[in-house]
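Colleague: Shown below is the structure under consideration.
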Amino acid sequence: LNVDGKMAHFLCSTWRRPDYTQPPLVGWAGWRLIEKRRDKKLAKRLLDGLLKNNDWWFTRRITGSGLIFC
């Protein structure tokens, strides 16, 4: 997770795609994990990063019609 909230699509030592990102499913995945573990502490640990990522999508990837593109 970057400071601005972006989660990079792919990083490795030989190839980097900093302009690409995964579709915004990480919130859904976090929710499923929290439900499965029934762990409120995990929810608190994930919340800041998820909020930053959500904010990144709505400030950097929103179209003129209000849709998000990835």
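The values are calculated or read from the model by the stated rules, or taken from the named source; none is laboratory data. It should be emphasised that the depicted structure is a prediction, and the values quoted were computed from it without experimental measurement. All Cβ positions, glycine included, derive from the backbone under ideal geometry; neighbour counts span all protein chains shown.
Colleague: For the range 40-70, name all the residues that are in contact with a helix residue (DSSP H, G or I) (Cβ under 7 Å, 6 or more places away or on another chain) and β-branched (V, I, T).
Modeller: Once the filter is applied, which keeps residues that are in contact with a helix residue (DSSP H, G or I) (Cβ under 7 Å, 6 or more places away or on another chain) and β-branched (V, I, T), the range 40-70 yields only I68.
Colleague: Residues that are at pLDDT below 80 and part of a loop (DSSP other than H, G, I, E, B): does the range 36-58 have at least one?
Modeller: No; the residues of the range 36-58 include none that is at pLDDT below 80 and part of a loop (DSSP other than H, G, I, E, B).
Colleague: Also, quick follow-up: Looking at the range 26-44, which of its residues are exposed (fewer than 13 other Cβ atoms within 10 Å of the Cβ) and over 16 Å from M7 (Cβ atoms)?
Modeller: Within the range 26-44, R32, E35, K36, R37, R38, K40, K41, K44 meet the criteria.
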